[in-house]
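The values are calculated or read from the model by the stated rules, or taken from the named source; none is laboratory data. Predicted model, so just to flag it, every value in this text is computed and none were measured. Here the Cβ is made from the backbone with ideal geometry for all residues, glycine too, and neighbour counts use every protein chain on show. These area figures cover heavy atoms from the full protein model, side chains too; ligands, DNA and RNA do not enter into them. Shrake-Rupley method; radii C 1.70, N 1.55, O 1.52, S 1.80 Å.
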Amino acid sequence: MAAPALPEQLLPPQQQRGEENGCEDSLSPGESGEEKGESSYQRSRCKLENLLNKSMRIRMTDGRTLVGCFLCTDRDCNVILGSAQEYLKPTDSFSAGEPRVLGLAMVPGHHIVSIEVEQESLASLQYL
């Protein structure tokens, strides 16, 4: 015996619209997010979700650079990188050596100067 179908109002919002994480992968041509009632918050969230698990390079105020897998961020712009490696600024005495392996790293948002997505990660992005 088949389970009864639930009314659409009882389904989670993602299943009502056929979206994953409240984010629609593509809009049909000529259809903007505003026409669909999509807020700039939702568009920004979708862009961030597309960057999840991509390799990122973060430059910090003290000259260090961290490279790792983007795992999450928060409203204070703190960033969590997985499998992170630290590269010291060129003027440091230890900069000639190999990068220091950090593993899981939290970068405070107020110390971030720039963030770049690694080139090989960009090839697999749907859109930016």
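Quick notes
- Residue list for segment 68-81, restricted to those being open to solvent by 20 Å² or more (accessible area, probe 1.4 Å) and either closer than 17 Å to E116 by Cβ or touching a Ser or Thr at 6+ places or on another chain (Cβ under 9 Å) (or both): C69, L71, T73, C77, I80
- Residue check for S121: surrounded by 12 or more Cβ atoms within 10 Å (Cβ to Cβ) and modelled with pLDDT under 70: yes
- A count restricted to segment 31-43 and to residues that are modelled with pLDDT under 90 and open to solvent by less than 80 Å² (accessible area, probe 1.4 Å) stands at 5.
- Residues of segment 44-57 that turn out to be part of a strand (DSSP E or B), touching a helix residue (DSSP H, G or I) at 6+ places or on another chain (Cβ under 9 Å) and of a type outside the set (S, T, Y), as a count: 1
- Members of segment 82-97 found to be at pLDDT below 80 and either touching a strand residue (DSSP E or B) at 6+ places or on another chain (Cβ under 7 Å) or loosely packed, with under 12 Cβ neighbours inside 10 Å (or both), listed by number: P90, T91, S93, F94, A96, G97
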